[in-house]
1. For segment 43-151, what does the accessible surface come to per residue with a 1.4 Å probe? Please give it in Å².
2. Set the bar at 29 Å for Cα to Cα. Now go through 10/144; 10/150; 113/150; 125/150; 7/113 and name every pair that lies beyond it.
3. Rounded to the nearest 500, what is the 222 nm mean residue ellipticity of the chain from helices alone, with -39500 (n - 2.57) per DSSP H run of 4+ residues and division by all residues?
4. Just to check I understand the Karplus step: with θ = phi - 60° and J = 6.51 cos²θ - 1.76 cosθ + 1.60, what whole-Hz values come out for segment 51-61, glycine and proline as x?
5. Tell me, how many Å apart are the Cα centres for segment 129-151 and for segment 49-123?
6. Does segment 56-142 come out rounded, prolate or oblate by the C-alpha gyration tensor, with a ≥ b ≥ c the root eigenvalues, rounded set by a/c under 1.5 and, if not, prolate when a/b is larger than b/c and oblate if not?
7. What are the ³J(HN,Hα) values, in whole Hz, obtained from phi via the Karplus relation 6.51 cos²θ - 1.76 cosθ + 1.60 with θ = phi - 60°, for each residue of segment 86-102 in sequence order, with x given for Gly and Pro?
8. Return one number: the angle in degrees, 0 to 90 and rounded to the nearest 10, between the long axis of the Cα atoms of helix 2-12 and the longest principal axis of the Cα atoms of the chain.
Amino acid sequence: HINAMNKLLKQLSERAVELSTGEFWGMTRMDDVITIFGAFDDAAQKSESLIGMAMVFIIPRPEGPVAEIHNVVVAPEYRGQRIGDRLTQLLLEAVQESADRDRRKIPLYLTSKPSRVAANALYIKHGFELVAQATGEHGTNLYKRIMLPKV
């Protein structure tokens, strides 16, 4: 699915550099840091069945872990079907599991271009707080949510 993944990444940034299969597998070896979710259309051809993706990095630090969400994207023809909503929920669940397991709060951050109106609304719906707003051509909005352990 690397071609479909690269196609999705290009929607987020025209400057996205295509990943090779080896680079992707290298990322997946960091499974203690990165979690990747994919959304698939079972009716599509195998090479085009990846229709959405999202990643979360949980980074260990001496002062406590921090998490970052990256690359939440859904193919244009599948938008409006709550796929991004479900991917975001899966990301939150992954970070919550980590917070519960380690019994530590985890600050969770993400950025989103202001032009991605639906994405920005989605993050607010999921409890993120806008902590810094973009300015300028290359600016981006910064969101934060604190994940507290439930245990």
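1. For segment 43-151, the per-residue accessible area is 58 Å².
2. On the way: 10/144 25 Å; 10/150 37 Å; 113/150 32 Å; 125/150 21 Å; 7/113 18 Å.
The answer is 10/150; 113/150.
3. Numbers: 4 runs with 48 residues, N = 151.
Result for the chain, helices only: -10000 deg cm²/dmol.
4. 10, x, 7, 7, 10, 9, 10, 10, 9, x, 9
5. That distance is 11 Å.
6. Judged from the Cα gyration tensor, segment 56-142 comes out oblate (a/c at least 1.5, b/c at or above a/b).
7. Result, ordered by residue: 5, 4, 5, 4, 4, 4, 4, 4, 5, 5, 4, 4, 5, 4, 5, 4, 8 Hz.
8. It is inclined by approximately 70 degrees.
The values are calculated or read from the model by the stated rules, or taken from the named source; none is laboratory data. This is a predicted model, so every value here is computed, not measured. Ligands, DNA and RNA are excluded from the accessible area calculation, which covers all protein heavy atoms including side chains. Shrake-Rupley method; radii C 1.70, N 1.55, O 1.52, S 1.80 Å.
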